[in-house]
1. Can we say Val283 is closer than 25 Å to Ser97 by Cβ, out of contact with any Asp or Glu (no Cβ under 6 Å at 6 or more places or on another chain) and of a type outside the set (Lys, Arg)?
2. Got at least one residue in the range 297-306 being open to solvent by 10 Å² or more (accessible area, probe 1.4 Å), more than 20 Å from Ile419 (Cα to Cα), of a type outside the set (Ser, Thr, Tyr) and in a helix (DSSP H, G or I)?
3. Pick out the one residue from Gly277, Gly261 that is open to solvent by less than 20 Å² (accessible area, probe 1.4 Å) and of a type in the set (Gly, Ala, Ser).
4. Of all residues in the range 214-225, which are in contact with a Phe, Trp or Tyr (Cβ under 6 Å, 6 or more places away or on another chain) and open to solvent by less than 20 Å² (accessible area, probe 1.4 Å)?
5. Looking at the range 157-213, which of its residues are open to solvent by less than 40 Å² (accessible area, probe 1.4 Å) and on the phi > 0 side of the Ramachandran plot?
6. Which residue, of Glu151, Glu133, is acidic (Asp, Glu), open to solvent by 10 Å² or more (accessible area, probe 1.4 Å) and more than 13 Å from Pro326 (Cβ to Cβ)?
7. If you take the residues of the range 395-442 that are hydroxyl-bearing (Ser, Thr, Tyr) and in contact (Cβ under 8 Å) with a residue 60 or more places away in the chain, which of them is farthest from Gly105 (Cα to Cα)?
Amino acid sequence: MTRSTRPDEEGRAALASFVTNRLGRTPVRPAPEPAETKSDTPDSPQDFEKLAGYRELKLQRSAADLIGVANPFFRVHETRAGATTRMEGKTCINFSSYDYLGLNGHPAVSGAARKAIEAYGTSASASRIVAGERPGHGKLEKALAAHYGTEACVVMVSGHATNVTAIGAILEPADVIFHDALIHNSVVTGAQLSGAQRRSFSHNDPTALEKLLEATRHEHRRALIVVEGLYSMDGDAPDLAAFVELKRRYDCWLMVDDAHGLGVLGRTGAGLHEHCGVDADDVDIWMGTLSKTLSSCGGYIAGPAVLIEYLKCTAGGFVYSVGLSPPLAAASDAALAVMLAEPERVERLRRNGNQFLALAKKAGLNTGTSLGLAVIPVIVGDSLKAVTLSNRLYGRGINVQPIIHPAVPERASRLRFFITSEHTADQIKETVSAIAEELSALETGSTLIEQLMARRGV
């Protein structure tokens, strides 16, 4: 990570604090620091260093710098990142891209984007409600609505902002949102924006939701239940039929964030409804992103025409934001068409995911509750171990990113593997073998943190 300019003793203190506060251990205390000279500049809340969480960030960076752990984030890809990529001049097997069906760079997808650029340029240049739109916007929205069997659809420039602005627009302080405990940050942020009450239930547990609904549904006017299709950190999926039954019984809307489900779940990759054998009409609001299977950037809401009309006229993330870039809309539309025309891509993805999961389990790796469908975590325990394992794999030509606190609980830190239809069986075998070898090396003898502290004399 970025080298700190703080004295070595301060770095040792940072590491001690990091270990104590984050890993639940009690290291040897560093020597007392000399008294600091009082600054003539008074502390000010306007100092950016006083932002909540910045001290934590500094501690992490100082500790990592002291023990020589390189920063695995923000490495530069020097080519298209598919099943393989090139970084720092070397080719790596790549497990850190959402390109589930290998459509990023597909001739039809790239060709559609090029044609849109030639016709309309690279930008919509203004909000669609203010300055009009391009043909590609409506074409993509109709294709997505047809895919889910809904009356209409609206596309926006950001997947995260799609959830935030849609939920913020349809709920008010008298309402309530019930969401899975592991729901995406964008859903939580949207709920906060709306002012509605927010209640979470245990992950993938409709019984826990039912107890919440029975106890509190009557206290609120409108209610929205939100689940994900494929959970992006754990790679598992909910029992959609059970949530449909609850939304009917307790008079709620049901929203599915299918960002990672499209192209992955179901025999043809249609999404969570196909995976669970449930009619898509049973879900009130389908949300998704254009940045995964559809190889572009942006988000969408598909649902009743009244809802879509309302969002197009009131949702701040649509009304006050530039329209989706024409080449991005064209690329997503083409990617959806290729996905539907080439179902063998979905089958290859399923086969690859199943192979990775089976080999990982055979090697004794902790894959949590993953279904082996595109998203497979290898849970290793703490942040330092996850970062170190990621760096060791990178040294062996395997690119995979660690997911650490606060994105997941500290003791659930992990490497998250995104499987694609384009990975080969040999790449998967090589990777799982490397994970098992490096993880075993890290866990041999004393714990990782003890090794690193001893090495640095802390």
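The values are calculated or read from the model by the stated rules, or taken from the named source; none is laboratory data. Quick caveat, the model's predicted, so the values are computed rather than measured. Cβ coordinates were reconstructed from backbone atoms using ideal geometry, including for glycine residues, and neighbour counts include every protein chain displayed. For the accessible areas, the whole protein counts, side chains as well, though only heavy atoms, and no ligand, DNA or RNA atoms are used. Shrake-Rupley method; radii C 1.70, N 1.55, O 1.52, S 1.80 Å.
1. Working: closer than 25 Å to Ser97 by Cβ: no; out of contact with any Asp or Glu (no Cβ under 6 Å at 6 or more places or on another chain): yes; of a type outside the set (Lys, Arg): yes.
Spelling it out, it is not the case that Val283 is closer than 25 Å to Ser97 by Cβ, out of contact with any Asp or Glu (no Cβ under 6 Å at 6 or more places or on another chain) and of a type outside the set (Lys, Arg).
2. Here is the first cut: in the range 297-306, the ones open to solvent by 10 Å² or more (accessible area, probe 1.4 Å) are 297, 304-306.
Filter once more, so that each one left must be more than 20 Å from Ile419 (Cα to Cα): 304-306.
Checking the rest, the ones that are also of a type outside the set (Ser, Thr, Tyr) come to 304-306.
From what is left, the residues that are in a helix (DSSP H, G or I) are 305-306.
Within the range 297-306, one or more residues are open to solvent by 10 Å² or more (accessible area, probe 1.4 Å), more than 20 Å from Ile419 (Cα to Cα), of a type outside the set (Ser, Thr, Tyr) and in a helix (DSSP H, G or I).
3. Numbers: Gly277 fails: open to solvent by less than 20 Å² (accessible area, probe 1.4 Å).
Exactly one of Gly277, Gly261 is open to solvent by less than 20 Å² (accessible area, probe 1.4 Å) and of a type in the set (Gly, Ala, Ser), namely Gly261.
4. As a first pass, look at the range 214-225 and keep what is in contact with a Phe, Trp or Tyr (Cβ under 6 Å, 6 or more places away or on another chain): 217, 224-225.
Those that are in contact with a Phe, Trp or Tyr (Cβ under 6 Å, 6 or more places away or on another chain) and open to solvent by less than 20 Å² (accessible area, probe 1.4 Å): Leu224, Ile225.
5. Gly195
6. Numbers: Glu133 fails: more than 13 Å from Pro326 (Cβ to Cβ).
Checking each option against the conditions leaves just Glu151.
7. Quick first cut of the range 395-442, residues hydroxyl-bearing (Ser, Thr, Tyr) only: 413, 420-421, 424, 431, 433, 440.
Keeping just the survivors that are in contact (Cβ under 8 Å) with a residue 60 or more places away in the chain gives 420-421, 424, 431, 433.
Numbers: Thr420: 14, Ser421: 14, Thr424: 18, Thr431: 24, Ser433: 29 Å.
The qualifying residue farthest from Gly105 (Cα to Cα) is Ser433.
Here's the yes/no breakdown for (1) in contact (Cβ under 8 Å) with a residue 12 or more places away in the chain; (2) under 22 Å from Ile428 (Cβ atoms); (3) assigned to a helix (DSSP H, G or I); (4) acidic (Asp, Glu):
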residue	(1), (2), (3), (4)
His273	yes, no, yes, no
Asp281	yes, no, yes, yes
Gly323	yes, no, no, no
Ala331	yes, no, yes, no
Arg348	yes, yes, yes, no
Gly353	yes, yes, yes, no
